[in-house]
Amino acid sequence: MCFPDGIWARPVRTVAELTEGTLTAVFARVESLDFFLIGAGRDVWPLPEHLHRRFREASLSVDCMGTGAAVRTYNILLAENRRVGAGLIAID
């Protein structure tokens, strides 16, 4: 997990493990974020409706993509001084 206040390892290895509980750190930082990117590994992953609804309720934009694309997008948004966070699932 990458946030404006630091980077932390999380025990999420697949998108199946992404839940509101594993994303608690994201929702705790909604005041400091405008965007959150999910790097879903090698493949694009459609965010389940219940998680999409939770992001909407928090007024936080979310986008899911492959991890490589998420890293590139994160770096671009960071260089533009945007308030962005990212949850990145490692690619083997």
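Mind listing whichever residues of segment 54-92 are charged (D, E, K, R) and touching a Gly at 6+ places or on another chain (Cβ under 9 Å)? If you could, list the steps in order and put the result at the bottom.
At the first step, the residues of segment 54-92 found to be charged (D, E, K, R) are 54, 56-57, 63, 72, 80, 82-83, 92.
Scanning segment 54-92 gives a single hit, Asp92.
May I ask you to list the residues in segment 37-78 that are hydrophobic (A, V, I, L, M, F, W, C), at pLDDT below 95 and loosely packed, with under 13 Cβ neighbours inside 10 Å?
Val44
Can you run down the residue pairs with Cβ atoms below 8 Å, 6 or more apart or on separate chains, where the first is in segment 75-90 and assigned to a loop (DSSP other than H, G, I, E, B) and the partner is basic (Lys, Arg)?
Ile89/Arg13; Ala90/Arg13
Can you pull out every residue in segment 1-57 that is outside any helix (DSSP H, G or I), of a type in the set (A, V, I, L, M) and touching a residue at least 40 places away in the same chain (Cβ under 8 Å)? Before you say what the answer is, go through the steps one by one.
Residues of segment 1-57 outside any helix (DSSP H, G or I): 1-14, 18-23, 28-29, 33-48.
When the remaining residues are screened for being of a type in the set (A, V, I, L, M), the result is 1, 7, 9, 12, 18, 23, 28, 33, 37-38, 40, 44, 47.
Correct list: Met1, Val12, Leu18, Leu23, Leu33, Leu37, Ile38, Ala40.
The values are calculated or read from the model by the stated rules, or taken from the named source; none is laboratory data. As the structure is a computational prediction, the values presented were derived from the model and not from experiment. All Cβ positions, even for glycine, are placed from backbone atoms using ideal geometry, and neighbour counts span all protein chains on display.
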